[in-house]
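Worksheet for the structure shown next.
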Amino acid sequence: MQKLSMLMKGEVSAEENVQKFLDEARRKKDLNAFLRLNSSALSEAEAVDRKLGKGRAGRLAGLAIAVKANISVEGMNISCASRTLEDYQGTFDADVIQKIRQEDGIILGITNMDEFACGSSGETSAFGPTQNPSAPGRIPGGTSSGSAAAVAAGLCDVALGSDTGGSIRNPASHCGIVGIKPSYGRVSRFGLVDSAMSFDQIGPLGKDIESCSALLEVISGKSRHDPVTMQAKAGFNAKPKSLRIGVSDEIRHLCTDKRIYEMCLKAIAGVAEKTGSSLVNVRLKHADLAVQAYYPIQYVEFFSATRKFDGRKYGRKIEESCGEEVLRRILGGLEISRAEHHGAYYRKALKAKALITKDFEEAFKDADVIMMPTTPRLPHRIGERIDPLSMYGYDALTVPANLAGVCAGTVPIGKIDNIPVGLQVIAPAFREDILISAMAAV
């Protein structure tokens, strides 16, 4: 990564790097990418410069990192972009923040998001929508809208988001940047405010593969606080190599804007030719069930996760202070959880999840990676009214990876109507080495 090399060589100081971003964030505050800037960022940068001078700095020394507002940072306002937690201050550092600090990365500020990670557009924040710097007037995508916009607008070196059903890849695609959702269990969720605990993963957003790879390598690993994490060898290598690239015809029918599908097919063919890779047809025959399977599970898990926001310990009572989409999911989760619906929705959704997982297992017997569009349509205009089902449709191509627990990332491949389009790459669980190699090839 060029910036990291410059910092290590002393060509730019950590303080200069952070000051530049702070100035830029204040200058572009109309983007509404940041909810809070870190008042201690400059003093932290000065401390890193002293380490750099002694040759003792960590792997992220001096990098300015933006953090989504649902990841706990001690002493900073962790609101989840909701009036419910408007005044809540983080009382501890999440595992990922501890690891970043240990490697001398600097937390630049807290970014905007869809309220409690409910949404697909970046518009449900209680503090106003995030603007898309790469397609003015259009949504940036959600739920990690502020993190994606901050990277795209040059307000930070790299950012952290969370991905429950596409919340890193969706805004990365719409903003024309790189985003990675790690395998489930690759990165600790300790300190992340749950959206759906069986899907959530924290991951990086950046302008290039190298910066995302560097951050992912630091935040990965087993945690005593998160029992599902695994100590898998990282081995992230961004060097492109020959691969078996899977393409699924079932995805064609889920892509409502055929221009996006055709652009992605052209990009995939170009990657195959450039790297000497082969194209393989794979069956994802239950892909059309992904949205229907995902949302009942997410509703139930979100309902369970929000029971602690009862107004006694954390801020206000959520049902009395949240927005429309959050309330919709709480009420939906309550209804699905009722005893009389026990076998009607949730259990059936789990069965569909198992079928989708099996599809990926079979596909990866023939392919090293699968490539497809990230979103089925271009982002709509901010403020444009679309129904909830159409909004959920933005996730149609990203939720399968969350349901299956595999890793996935997005790389920009061009523009349609001057709006960025991203290609999604999916790899088997804990094979981020293959994922990043394939993304680098794109």
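Too long at a 26 Å Cα-Cα cut-off: which of Lys181/Lys239; Lys9/Lys68; Lys54/Lys99?
On the way: Lys181/Lys239 19 Å; Lys9/Lys68 30 Å; Lys54/Lys99 21 Å.
In this structure, Lys9/Lys68 exceed 26 Å between Cα atoms.
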Margin query: Explain nothing, just the number: dipole magnitude of the chain about its Cα centre with +1 on each Lys and Arg Cβ and -1 on each Asp and Glu Cβ, in debye rounded to the nearest 20.
Written below: 520
Next item on the list: Would you please name the GluC sites (Glu not before Pro) within segment 30-127 that are DSSP coil residues with at most 16 other C-beta atoms within 10 Å of their C-beta?
Entry: Glu74, Glu86
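What does the highest-first list of 28-41, 88-101 look like by mean Cβ count within 10 Å?
Working: 28-41: 18.6, 88-101: 20.1.
Result, highest mean first: 88-101, 28-41.
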Item checked: Charge dipole of the chain about the Cα centre (unit charges at C-beta), most positive-ward option of Ala290, Val151, Ala69 -> Ala290
Next item on the list: Name the residue farthest towards the positive end of the dipole of the chain from the options Ile139, Gly206, Ile268, assuming +1 on Cβ of Lys and Arg, -1 on Cβ of Asp and Glu, about the Cα centre.
Entry: Ile268
Checklist line | Length added when fully stretched, Arg385-Lys285, from 0.36 nm per residue minus Cα-Cα | finding: 32.8 nm
Check: How much of the DSSP beta bridge set in the chain is antiparallel, as a percent to the nearest 5?
Finding: 70
Margin query: Just to confirm my numbers, what's the Cα centroid distance between segment 369-434 and segment 107-165 in Å?
Written below: 15
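Residue separation times 0.36 nm, minus the C-alpha to C-alpha distance between Glu262 and Lys351: what's the value?
On the way: separation 89, 0.36 × 89 = 32.04 nm, distance 3.21 nm.
Residue separation times 0.36 nm, minus the Cα-Cα distance, leaves 28.8 nm.
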Item checked: the chain, relative contact order [Cα under 8 Å, separation at least 6], % -> 17
Check: Roughly how many nanometres apart are two label points built 7 Å out from the Cα toward the Cβ at Glu335 and Glu273?
Finding: 5.1
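For segment 62-139, with only Lys/Arg (+1) and Asp/Glu (-1) charged at the beta-carbon, what is the dipole magnitude about the Cα centre, in debye rounded to 20?
220
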Next item on the list: Calculate, axis by axis, the spread of Cα positions in the chain along the three principal axes, and write the results as whole Å, longest axis first.
Entry: 58, 57, 44
Notebook entry, point to check: What is the magnitude of the charge dipole of segment 138-242 about its Cα centre, with +1 placed on the Cβ of each Lys and Arg, -1 on the Cβ of each Asp and Glu, and no other charges, expressed in debye to the nearest 20?
Noted result: 280
Check: Exactly which trypsin sites (Lys or Arg not before Pro) in segment 161-256 are in a DSSP loop and have at most 12 other Cβ atoms within 10 Å?
Finding: Arg224, Lys233
Checklist line | Ordering of 140-151, 58-69 by burial proxy (mean other Cβ atoms within 10 Å per residue, highest first) | finding: 140-151, 58-69
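Quick note: the coordinates plus some simple rules give every number you see, no bench work behind them. Since the model is a prediction, treat every value here as computed from it, not as a measurement. All Cβ positions, glycine included, derive from the backbone under ideal geometry; neighbour counts span all protein chains shown.
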